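Some notes on the structure that comes next.
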Amino acid sequence: MDILITGANRGIGRELATRLAARGDRVIATTRAAGADVGGADAGGPDVDWQTLDVSDAASHRALSVRIGARPLDLVVCNAGVYLEKGRDRPEALTPEMWQKTFATNVTGVFLTVQALLPALGRANVGKIAIIASAMGSQSRASGGSWIYRASKAAAINLGRNMAVDLAGRGIAVGIYHPGWVRTGMGGPEAPVRPGDSAVGLIERFDALSMATTGCFESYDGTPVAF
Ligand SMILES: NC(=O)c1ccc[n+]([C@@H]2O[C@H](COP(=O)([O-])OP(=O)(O)OC[C@H]3O[C@@H](n4cnc5c(N)ncnc54)[C@H](OP(=O)(O)O)[C@@H]3O)[C@@H](O)[C@H]2O)c1
């Protein structure tokens, strides 16, 4: 399969890129910083094609689309995300800039990624979009705290559900996923799930995604997550 993953230079995205390339998929892994240290030229193996993309920047998407050219994409993983108020989420500490940057990445970033890559997804037999959201964005599980991050992931989930409806006619399936509480820069050292275990589970979910299950919201282990 031809696969593109955003925010793949570290964390869950990095694990996904490495594991998908190892099983033989052709992976375009994106990193927002041009010339970023992604761990050496062969990071992720020879089948990982590193490209620059800031998901919040429309010009960056246009430039990547040109580099992709006429190549089809079977799967686009919208993984890039930020959690800016982690550890400092008292209401008084939240700023307009934190709201703006979080939504620009976690919500608009998902939209811009899908919009730019729709032509490439349309060239695949069945195009798939995977949105890495979070159970923290569940409306029914709203348990307080992290207002900005939760609101952004709730918006990403809503966006994904509506994309699933509107892209069904184009033969494109959309899955929304909770990766678990994962030991990454974002999840922190106390998180119980290893990045590799999250990635293995997510890859199983991506493989299972079809037009019959489009619009699903699932945890990395296959458990449905309440909207
Ligand atoms: N870890 C968890 O427990 C957990 C739980 C639920 C959901 N998630 C979600 O899973 C996804 C991956 O999380 P993670 O734990 O792997 O986080 P991470 O280790 O903090 O990595 C985040 C990745 O997103 C990239 N990124 C941030 N802003 C970007 C932008 N504007 N353009 C392009 N790339 C950008 C980062 O790039 P830089 O290196 O340039 O910053 C980095 O590669 C996120 O969407 C997150 O919300 C994580």
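The values are calculated or read from the model by the stated rules, or taken from the named source; none is laboratory data. The model shown is predicted, which means the values in this text are computed figures rather than measured ones. Note that we place each Cβ from the backbone using ideal geometry, even for glycine, and neighbour counts take in every protein chain shown. Side chains included, ligands, DNA and RNA excluded: accessible areas come from the protein's heavy atoms. Shrake-Rupley method; radii C 1.70, N 1.55, O 1.52, S 1.80 Å.
Every condition in (1) within 13 Å of the ligand (Cβ to nearest atom); (2) open to solvent by less than 40 Å² (accessible area, probe 1.4 Å); (3) touching a helix residue (DSSP H, G or I) at 6+ places or on another chain (Cβ under 6 Å) is met by residue 136 except one, and the failing one is (2).
Okay, residues lined up against (1) more than 14 Å from the chain's Cα centre (by Cα); (2) of a type in the set (D, E, K, R):
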| residue | (1), (2) |
| --- | --- |
| 109 | no, no |
| 117 | no, no |
| 120 | yes, no |
| 161 | yes, yes |
| 168 | yes, no |
| 175 | no, no |
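Being in contact with an Asp or Glu (Cβ under 7 Å, 6 or more places away or on another chain) and buried (at least 20 other Cβ atoms within 10 Å of the Cβ) narrows it down to one residue among 199, 156; which is it?
On the way: 156 fails: in contact with an Asp or Glu (Cβ under 7 Å, 6 or more places away or on another chain).
Residue meeting the stated conditions: 199.
Out of the residues in segment 38-56 that are out of contact with any helix residue (DSSP H, G or I) (no Cβ under 8 Å at 6 or more places or on another chain) and at pLDDT 95 or above, state the one that is nearest to residue 146 (Cα to Cα). Taking the candidates together, the pick is 50.
Where residues in segment 76-125 are in contact with a His (Cβ under 9 Å, 6 or more places away or on another chain) and open to solvent by 20 Å² or more (accessible area, probe 1.4 Å), which of them is nearest to the ligand (Cβ to nearest atom)? Write out each step before concluding.
Going through segment 76-125, the residues in contact with a His (Cβ under 9 Å, 6 or more places away or on another chain) turn out to be 112-113, 115-117.
Then keep just the ones that are open to solvent by 20 Å² or more (accessible area, probe 1.4 Å); that gives 112, 115-116.
Numbers: 112: 10, 115: 15, 116: 13 Å.
Result: 112.
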